[in-house]
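Just below is one structure, and these are the notes that go with it.
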Amino acid sequence: MKHVAPHRWADAEAGRVDAAARAAMDRHADGCSRCARARDRIKQASASFAAIKSHPAPELPWDAVRARIHWSVSTERRERLALEERAPARRWIGTLALATAAAGALVIALVTDGVRPAQLAGAPRTTAPAEQPQTPVMPPAPAEPTALAGLVNRTTGDVMIDGIRPDDLFARRLVAGSVIATGDGRVDIQFADASAFALGPRSMIELRRFDADAIELVVEGTVDIEVAPRAPHQRFLVLAGDRTIEVRGTQFRVRQEAGNTTVACRHGLVAVRDAKGQVDVGAARRVELAAAHTVTIDRVRPLSVDEVNDLAAATPLTLPVFDRMARSQANGWFGALLEGSAPLEIATASRREVRINGVELGSAPMRVRVMPGRHMVEAADAAGRFRRVGWVDVATPRTGSTSQGSRLEIPAEPRPTRGVQERRRQLLTGHDKARVALCMRSIAKSGLTGTYVVVEIAVDGAGAIGFLNVLDTDLPSTTASCVRDVLVDVRFGSGAPASWRERLDL
Amino acid sequence: MLDRVKRETGSSTTLGVADEADLIERCRAHERSAQDELYHRFRRQVAANLYRVMGDRGDLDDLVQEVFVIAFRGLEQFRGDARLSTWIYRICVNVALGRIRTRKRRPTAIGVADLDAADADPSLTDRPETPHQSLERRRDQATVYRALELLSPKKRIVLYLHEIEGLDLKEIAYLVDSNPVTVRTRLFYARREFYKILAITPPISTGDADTEDDA
């Protein structure tokens, strides 16, 4: 008999082979070590199928997952609604253009044929009315453009508006003429559905003009701006010293310090100009101009990945405003947002990175505008790992009023235990550096430096490693795996149990 | 269809047809409480399915999130030709397939844990497992997943659904959005390949199977 095909053993285990065939297969296996080995291995593996099939669900951070799902779904829905809102207008414009073109073609055809439209339609001839004396018509007075207003969405540190520290910062209407200044923190101000700016530390901005026709911001310091597509006639200018930055619909940063201007564009397009020239700065590019420089194209440089990430992290915070909500409000989106949200104060003893509903919002202490409802707040520990602080309920503001908001105090992070410090010392001194160097040999030969591995490790009281995971690295997988193998071999003595994250710069 | 698919997590996912239709309608109307209810009913089922298909919990929370986002997005197109649990299972299978493909292109830096011994279903055995049995079981499971890793993603999914989940060709065809003939062909080659790998590969040593990822 020929060797038995391995899958036949699986069929036999599942009872899909008749008794005679099974007996023949077994007889062959008794005299064939290769088939006997295959039979045993497949039998053993097949037996574990049932255990795999009935394996229960592992525990996950269910609330965090739920928060991320809601965030994702609601963002998607908001974007879809915005698109749908714009679509009918576009269709209407298209239809109008078509109708105009058709009418034009008809008129041209009639004129060419020398036939009057009224004759063609069989309409009765009418005599032209006697000419009336012309009276001068005054052109209508230009209508005042609609004033815009800004609303504070997030603050950290000290913020002054028009020279004072207002108590009602989150309910304040920021209009043309307002001057906003920051201390060590930053402030995010939303001024339309998806448009906002964030003023960086030790910066000042004046809303010189703030209406539907034009926005002019005078900046000293750093400002990050995100502008949704605007009305075609509206101009958006940022005045930085004697330079002007004109926005087309984009996200960008302007830094103006002691006559030096830097404009970095994350996406979209901005035009930077001075008295002598103009240059367009596109996506992932920046222009850096010292006080004496003129604006020329050769000063435009591409942004590094870190700089792009930095811009992404500094994106001003905007809250969604649903059109239905805005239409129901007397003062549009501003009223809808003001009455449909509330400030949440997150207090901490020291600076802590925080996340609300899975979204990183920066360093607390801070005040941030949120929608009413229950929110999950997480704070980062010293190792940068986010841990849940708790839930906070933000009440729905009553109609016609603004909410006073809620407050959550994040308790101070416990000091690292003696166990962790001791275990860290053991890890750092106890790993075989020669072996690590061997792992890194090919990387070092390529001339790459500044690489790192972040590991998460747990050691029990007896010194045994509970787990050791590589969380982050910029090394290739084989090299990271090699480094991990070296760390696994560290001998920890008995002592306090500890788990922590460690970054190893290699 | 696919009654066998909706095992798992006991009563938490069992909904009457009317209740299910009501829940779907409320979700379609973007009612947040309904979305929460759907999430609470199916989250464990989704996590368990993904966990078993993938064999590890590396990006499990990301995958669970992806499944529910796709489900909420796709509910408007859900025609009701299958039970909700089956439809969600189908999404799980496709999300897992996508992740397996990605993982093939970009292998992870280190191996992650296999199915966890601590989570073993106690109902499987009358007596509690001895440490040796537990080790053996983990080793066998690790061997199975290692062999699965060597198959192409499409073959892997089909083989998993047939050999481990015990689904028939028609059911698998629905889940992978294919036809039964294609599934049969794919399964034919997958079984030969899979059992050949198992037959020639020695079992994983206990050290390899002993990785953990739980903090």
Count of residues meeting criterion [closer than 17 Å to A:HIS3 by Cβ and either surrounded by 15 or more Cβ atoms within 10 Å (Cβ to Cβ) or at the interface with chain B (Cβ under 7 Å from one of its Cβ atoms) (or both)] in the stretch A:33-45: 6
Subset of the stretch A:341-355, residues within 14 Å of A:ALA412 (Cβ to Cβ) and part of a loop (DSSP other than H, G, I, E, B), comes to A:ALA349, A:SER350, A:ARG351
Here are the criteria: (1) facing chain B (nearest Cβ under 10 Å); (2) assigned to a helix (DSSP H, G or I); (3) not basic (Lys, Arg). Tell me which single one A:GLU59 does not satisfy. (2)
Just to verify a result, which residue in the stretch A:46-69, among those that are surrounded by 20 or more Cβ atoms within 10 Å (Cβ to Cβ) and in contact (Cβ under 8 Å) with a residue 12 or more places away in the chain, is farthest from A:GLU360 (Cα to Cα)? A:SER46
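Name the one entry in B:ILE157, B:ILE204 that is more than 10 Å from chain A (Cβ to nearest Cβ), modelled with pLDDT under 85 and closer than 18 Å to B:ASP56 by Cα.
Details: B:ILE157 fails: modelled with pLDDT under 85.
Of the residues listed, the single one that is more than 10 Å from chain A (Cβ to nearest Cβ), modelled with pLDDT under 85 and closer than 18 Å to B:ASP56 by Cα is B:ILE204.
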Go through (1) at pLDDT 90 or above; (2) facing another protein chain (nearest Cβ under 7 Å) for B:ILE70 and report which single condition fails. (2)
Answer yes if at least one residue in the stretch A:262-272 is buried (at least 17 other Cβ atoms within 10 Å of the Cβ) and part of a loop (DSSP other than H, G, I, E, B), and no otherwise. yes
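With a cut-off of at least 1 residues that are at pLDDT 85 or above, of a type in the set (Val, Ile, Thr) and closer than 17 Å to A:ALA383 by Cβ, name the helices (runs of 4 or more DSSP H) lying wholly within the stretch A:417-506. I'd like the intermediate steps shown before the answer.
Details: elements: A:418-430, A:433-439, A:441-445, A:477-488.
Because the criterion is at least 1 residues that are at pLDDT 85 or above, of a type in the set (Val, Ile, Thr) and closer than 17 Å to A:ALA383 by Cβ, the helices (runs of 4 or more DSSP H) in the stretch A:417-506 that meet it are A:418-430.
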Only unsatisfied item for B:SER11, checking (1) more than 14 Å from every other protein chain (Cβ to nearest Cβ); (2) modelled with pLDDT under 85; (3) surrounded by 14 or more Cβ atoms within 10 Å (Cβ to Cβ), is (3)
Only one of (1) surrounded by 20 or more Cβ atoms within 10 Å (Cβ to Cβ); (2) at pLDDT 85 or above is not met by B:ARG138, so which one is it? (2)
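Yes/no matrix, rows are residues, columns are (1) part of a loop (DSSP other than H, G, I, E, B); (2) at positive phi; (3) without any contact (Cβ under 8 Å) to a residue 60 or more places away in the chain:
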{"residue": "A:ASP184", "(1), (2), (3)": "yes, no, yes"}
{"residue": "A:PHE191", "(1), (2), (3)": "no, no, yes"}
{"residue": "A:ALA196", "(1), (2), (3)": "no, no, no"}
{"residue": "A:LEU207", "(1), (2), (3)": "no, no, yes"}
{"residue": "A:ILE215", "(1), (2), (3)": "no, no, no"}
{"residue": "A:THR222", "(1), (2), (3)": "no, no, yes"}
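Let's see how each residue does on (1) touching a strand residue (DSSP E or B) at 6+ places or on another chain (Cβ under 6 Å); (2) within 29 Å of A:MET160 (Cα to Cα):
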residue	(1), (2)
A:LEU199	yes, yes
A:ASP213	no, yes
A:VAL218	yes, yes
A:ARG235	yes, yes
A:GLU246	yes, yes
A:GLN251	yes, yes
A:THR262	yes, yes
A:ALA275	no, no
A:ASP280	yes, no
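Taking A:ALA330, is it out of contact with any Lys or Arg (no Cβ under 9 Å at 6 or more places or on another chain), exposed (fewer than 15 other Cβ atoms within 10 Å of the Cβ) and at pLDDT below 85? Steps first, please.
Numbers: out of contact with any Lys or Arg (no Cβ under 9 Å at 6 or more places or on another chain): yes; exposed (fewer than 15 other Cβ atoms within 10 Å of the Cβ): yes; at pLDDT below 85: yes.
Yes.
Can you name the residue in the stretch B:54-65 that is closer than 21 Å to B:VAL158 by Cβ and more than 9 Å from chain A (Cβ to nearest Cβ) and, of all such residues, is modelled with the lowest pLDDT? Can you show your working first?
So in the stretch B:54-65, the residues closer than 21 Å to B:VAL158 by Cβ come out as B:54-56, B:63.
Next, from what is left, pick out any that are more than 9 Å from chain A (Cβ to nearest Cβ): B:54, B:56, B:63.
On the way: B:MET54: 88, B:ASP56: 82, B:LEU63: 91.
Taking the candidates together, the pick is B:ASP56.
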List, please: which pairs have Cβ atoms under 9 Å, are six or more places apart or on different chains, and start with a residue in the stretch A:1-23 that is assigned to a loop (DSSP other than H, G, I, E, B) and end with one that is exposed (fewer than 12 other Cβ atoms within 10 Å of the Cβ)? A:MET1/A:ARG27
Which of (1) within 14 Å of another protein chain (Cβ to nearest Cβ); (2) more than 24 Å from B:ALA82 (Cα to Cα); (3) hydroxyl-bearing (Ser, Thr, Tyr) does B:SER152 not meet, given it meets every other one? (1)
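Please work out which residue is surrounded by the most Cβ atoms within 10 Å (Cβ to Cβ), limiting yourself to the stretch B:160-183 and to residues that are assigned to a helix (DSSP H, G or I) and within 14 Å of chain A (Cβ to nearest Cβ).
Initially, the stretch B:160-183 is screened for residues assigned to a helix (DSSP H, G or I), giving B:160-164, B:169-175, B:180-183.
Still in the running and within 14 Å of chain A (Cβ to nearest Cβ): B:160-164.
Details: B:TYR160: 28, B:LEU161: 24, B:HIS162: 20, B:GLU163: 24, B:ILE164: 19.
Checking each candidate, the answer is B:TYR160.
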Tell me which residues, restricted to the stretch A:466-506, are within 13 Å of chain B (Cβ to nearest Cβ), touching a Ser or Thr at 6+ places or on another chain (Cβ under 7 Å) and among the aliphatic types (A, V, I, L, M). A:LEU475, A:ALA480, A:ALA498
Hits in the stretch A:303-317 - residues which are part of a loop (DSSP other than H, G, I, E, B) and either outside the structural domain of A:VAL227 (by TED's automatic domain parsing) or touching a residue at least 12 places away in the same chain (Cβ under 8 Å) (or both): A:LEU303, A:ALA314, A:THR315, A:PRO316, A:LEU317
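The values are calculated or read from the model by the stated rules, or taken from the named source; none is laboratory data. Given the structure is predicted, the values throughout are model-derived calculations rather than measurements. Using ideal geometry, Cβ is built from the backbone for each residue, glycine included, and neighbour counts are taken over all protein chains shown.
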